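The block underneath contains the structure these notes are about, expressed in structure tokens.
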Amino acid sequence: MKIITCIAPVNIATIKYWGKRDTELILPLNDSISVTLSTDQMHSKTTVAIDPDFKSDRMWLNGKEQSVDNPRFAQCLKEIRRRVQDKHGDIADWKFHICSENNFPTAAGLASSAAGYACLVYALAKVSGISEVRDVSLVARRGSGSACRSVWGGFVRWQAGVRPDGADSLAEQLYPAEHWPPVRVLVLVVSDSKKKIGSTSGMQESVKTSKLLAHRVERVLPDRIANMIEAIGRKDFATFADLTMQDSNQFHAVCLDTYPPIVYMNEVSHAIVDFVHKYNQLANQVKVAYTFDAGPNACLFVLEPDVADVIAHLRHLFPPTEHSAANYVRGIPVVQHVQLHKDIQPLGTPYEKGQLKYIIHTKVGDGPRVLTDD
Ligand code: DP6
């Protein structure tokens, strides 16, 4: 028996993937760009055992056994086996037993499927002796498109590719995590329940009905992608932040342009957007950026020296309940004590307690890694 345990990170798109040109092969309409988050705070963990005596493939997710007939899961196993056959034919018939868990809410628009599939495929590849990140990205894409980006750390681009078979649709690293050390990420958890409309069906509805999506893909994204890569390259936070916010807003505009419309952001999400713009306006400088995926939770990008101040303002605007106060900010400790300016009224009046459940303070991190290998 061979057994291996791996962890893989969450990634947050700053240029969103929304829409497929091939739903079967999971080929996107556009390139996307993401930031990989540190596994210290959020990760998927997967253990894979492989043994000649196992009778069938089996899979447990967060402790519950799942069907292995899920087509995307089955596709990942098939693709790995095809590669194993080419390299080490002797173990190609062995069955897998797989245990996976996330240390953050599943399916709440917190990129859990990306980390989950990246981890699954990385662990399957490692236990089977496949080492090319390229292969891991191509196969992870078959599990969930955004998963192909979680196989790299730092700043990542998923090339949409042009080939009908998808052989050129995979992620590449633009810059490693060390490229821009002060970048911090605050995940603002507004809701940890399952999203109403999944990304897979939501984006298909947008492809069918949204004219804004076609405009975005053809007219907006080519320049925006190039500008984003340049901004990251020269560590230009203001440009990076503007592009990130504009792209999040356009993605949600596409969702509203879908017919019937898809609404992922809620009242608290919009209050967060207002806060960020007012904060930047008062600072006379772009110091914070937001981005929202297919759910109401926000991801804020901030540079390290501003984290304590931004958190202090968030705490004031979205007060924790007595119950959540002690655990309101999780992750990297915020050491600096900030005295709020007396007149912070321009940033808005405080929201009802408990509307923001908690904040995860994290940073840019590395790709998947092996924890134990026996
Ligand atoms: C809004 O990767 O979850 O998070 O490929 O159908 O599994 P499938 O979709 P998925 O879509 C992610 C959409 C997004 C934007 C992004 O991460 O780029």
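Ordered by the count of other Cβ atoms within 10 Å of each Cβ, fewest first, Met203, Met42 give Met42, Met203. Taking other Cβ atoms within 10 Å as a rough exposure proxy, Cys255, Cys119, Cys299 sort from fewest to most as Cys255, Cys299, Cys119.
For the residues Asn11, Asn266, Asn284, a GNM of the chain with alpha-carbon springs under 10 Å puts the largest fluctuation on Asn284. The long axis of helix 199-209 is offset from the longest Cα principal axis of the chain by roughly 80 degrees.
Counting Lys and Arg as +1 and Asp and Glu as -1 over every other residue whose Cβ lies under 11 Å from the Cβ of Gln281, the net charge comes to +1. Comparing Phe54, Phe237, Phe292, which has the greatest mean-square fluctuation in the GNM of the chain with Cα pairs linked when under 10 Å apart? Of Phe54, Phe237, Phe292, the most mobile in the Gaussian network model is Phe54. Taking each of Lys16/Lys126; Lys2/Lys78; Lys16/Lys363 in turn, the alpha-carbon distance tops 23 angstrom for Lys16/Lys126. Computed over neighbours whose Cβ is under 15 Å from that of Arg224, the net charge equals -3, Lys and Arg +1, Asp and Glu -1. For the chain, the longest principal axis of the C-alpha atoms and the axis of helix 307-317 are separated by about 70°.
In this simple spin-label approximation, Asn284 and Lys2 carry label points 7 Å from Cα along the Cα→Cβ vector, and these lie 6.1 nm apart. The residues neighbouring Arg184, those whose beta-carbon lies less than 11 Å from its own, together hold a net charge of -1 under the Lys/Arg +1, Asp/Glu -1 convention. Helix 221-233 and the long axis of the chain differ in direction by around 80°, with both axes built from C-alpha atoms.
For the stretch 225-301, the list of trypsin sites (Lys or Arg not before Pro) that fall in a loop by DSSP and count at most 12 other C-beta atoms within 10 angstrom reads Arg234.
Among Glu65, Glu79, Glu230, a tally of other beta-carbon atoms within 10 Å of each Cβ gives an order, fewest to most, of Glu65, Glu230, Glu79.
Read the figures in this text as sums done on the coordinates, not as results from a lab. What you see is a predicted model; the values in this text were computed from it and never measured. Cβ atoms come from the backbone with ideal geometry, glycine included; neighbour counts cover every protein chain shown.
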